[in-house]
Amino acid sequence: MKKTLIAAAVLAGMAGTAHAQSSVTLYGIMDMGYLYSKTEGTKARNALDSGLQSESRFGLRGSEDLGNGLKANFLLEAGINADDGTSSQSGLFNRQSWVGLSSNTLGEIRLGRQFILGSQFFTNIDPFGTTFRQAGMGSTFIAANQVRNSNSVMYFTPTWNGLQGAIGYSFNRSTNETPVAGTNNRAITSGLRYANGPIEVALTYDQVEPSTGGNVGRSTQLGGTYDFGVVKLHAAVADQRNVAVNVGDIPGWNGRFAKKTLSYMVGASAPVGTGSLFGSYQKAKDWDIEGFSVGYTYPLSRRTNAYAFFSNMDNVGHYGSAVTTGDKTTRQFGVGLRHMF
């Protein structure tokens, strides 16, 4: 309640008006940990890093009841480096910034900067939640690599018995739109997901039209999970064409281009004690990237947990350098603490 009142006061000061029917919530994640990273032929990196399990962030989300089942919604989310207090990317609300309308019967429309469906719909498909640095499936599934589109409009259908669809279009996914030909990176994102009982399945298609007029980048992902109670199984496959490794929104990463590559991921997660143990194997065939990762999270409270993970990947991208080649292995080990508020 206290954080809601504080956030409402901040927004009232910015906008000059506060509406009694509106609700505004301040939320966030602070994630800090020790990370060891070593690629064959290079020196090891030892660091106290922000955002190993989840990127550190703070945000404001709000909703106003307009009556007859219609609501106005907004979200502003800023990524931060908890180790030095700086912004994780350019711009204040660099993770997400959108406003929209939602209806119980008609679905929801959002306008602004937001995650593509290849990332949104695959958070639960990946045992690592598409995070945990190179352990996440974003190392081999480009559209699942925490990718966002700016200047986008997205529509989400209502959920019918666990089934939901969505589609979106970006007028320029990375910078402001211009009237000059060949300067707008237009993008399409679309997907279906089904979550009911022990089953969750997702299918997404993402497309980027380069402003340079080059080949259109396409990524089709299919994945699912089945929860047996004692263990949950995870699997996914992707057909990726005219895209490069690690071209998401992680600064300092770059990679190899491929006309076509197939990616695979299989994994499992299971409750162990009061915590959760999980792991995966992933491979991108034509990029020659493959490896395995394991992790464990231990809850200290409802909002705070400790974690540890180990990842062993061949030819994967690592922070601050290009994607490695020549069957070079990058090993990462991390332990940390995450608090959600």
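The values are calculated or read from the model by the stated rules, or taken from the named source; none is laboratory data. In this text the structure is predicted, and so the values were computed from the model without any measurement. Cβ atoms come from the backbone with ideal geometry, glycine included; neighbour counts cover every protein chain shown. We work out accessible area using only protein heavy atoms, side chains counted, and drop any ligands, DNA or RNA first. Shrake-Rupley method; radii C 1.70, N 1.55, O 1.52, S 1.80 Å.
Given R₀ = 51 Å, what would the calculated FRET efficiency be for Leu262 paired with His339, taking r from the Cβ atoms and rounding to 0.05? Present the calculation step by step, with values, prior to reporting the outcome.
Details: r = 38 Å, r/R0 = 0.75.
About 0.85, to the nearest 0.05.
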Under the definition of Cα pairs under 8 Å and six or more residues apart, what whole-number percent is the relative contact order of the chain?
14 percent
Full extension between Asp84 and Leu70 adds, at 0.36 nm per residue less the Cα distance, a length in nm of 0.9 nm
Where does the Debye-calculated log10 I(q)/I(0) of segment 32-117 sit at q = 0.18, 0.23 Å⁻¹, using only Cα point scatterers of equal weight, no solvent?
-0.85, -1.07
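Taking only pairs that are 8 or more places apart or on different chains, how many Lys pairs in segment 30-340 have Cα atoms under 17 angstrom apart? Present the calculation step by step, with values, prior to reporting the outcome.
Details: Lys38/Lys328; Lys43/Lys328; Lys259/Lys283; Lys259/Lys285; Lys260/Lys283; Lys260/Lys285; Lys283/Lys328; Lys285/Lys328.
Lysine pairs meeting the criterion: 8.
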Over the chain, with the other protein chains present, what is the accessible area per residue in square angstrom, probe 1.4 angstrom?
47 Å²
Could I get the Rg over Rh figure for segment 30-340? Both from C-alpha atoms, Rh via Kirkwood, rounded to two places.
0.95
How many angstrom separate the Cα center of segment 102-124 from the Cα center of segment 262-341?
26 Å
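I want to verify the translational diffusion coefficient of segment 70-132 in µm²/s; compute it with Stokes-Einstein, Rh as the Kirkwood radius over Cα pairs, at 37 °C and 0.692 mPa s. If you can, show how the numbers build up before the last one.
Working: Rh = 13.7 Å.
Estimated via Stokes-Einstein, D reaches 239 µm²/s.
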Got a number for the accessible area of Asp65? Probe 1.4 Å, square angstrom, nearest 10.
80 Å²
